[in-house]
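Following: one structure in structure tokens, then a few remarks.
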Amino acid sequence: MAVPKSKVSKQRRNKRRSSVWKLATPSVNVCPVCGAVRLPHRICKSCLSYNGHDFSGVAAPATQQ
């Protein structure tokens, strides 16, 4: 049976349980073409455009099995 080698203080225990270290929510941008909310540096899912280029006619890459 596992037994702790020494007592964990209340301060150390509470520091571990705090939510200060958790990641912040990702920032979002507005698409300049359609106005939809999207992640930065990613293609817009609604109008399929990125950096002034239209990718609606581009086929998706084939997945490997």
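Would you pick out the residues in segment 3-27 that are over 30 Å from Pro40 (Cβ atoms) and not basic (Lys, Arg)?
We begin by selecting, within segment 3-27, every residue over 30 Å from Pro40 (Cβ atoms); these are 3-17.
Val3, Pro4, Ser6, Val8, Ser9, Gln11, Asn14 - these are the residues of segment 3-27 that are over 30 Å from Pro40 (Cβ atoms) and not basic (Lys, Arg).
Count, please, the residues in segment 8-45 that happen to be within 30 Å of Gly57 (Cβ to Cβ), out of contact with any Pro (no Cβ under 9 Å at 6 or more places or on another chain) and open to solvent by 80 Å² or more (accessible area, probe 1.4 Å).
7
Do the conditions hold for Val20, that is, is it modelled with pLDDT of 90 or more and assigned to a loop (DSSP other than H, G, I, E, B)?
no
The values are calculated or read from the model by the stated rules, or taken from the named source; none is laboratory data. Bear in mind that the values here come from a model prediction, so they are computed numbers and not experimental data. Cβ: placed from backbone, ideal geometry, glycine included. Neighbour counts: every protein chain shown. Quick note on the areas: whole protein, heavy atoms, side chains included, nothing else; ligands and nucleic acids left out. Shrake-Rupley method; radii C 1.70, N 1.55, O 1.52, S 1.80 Å.
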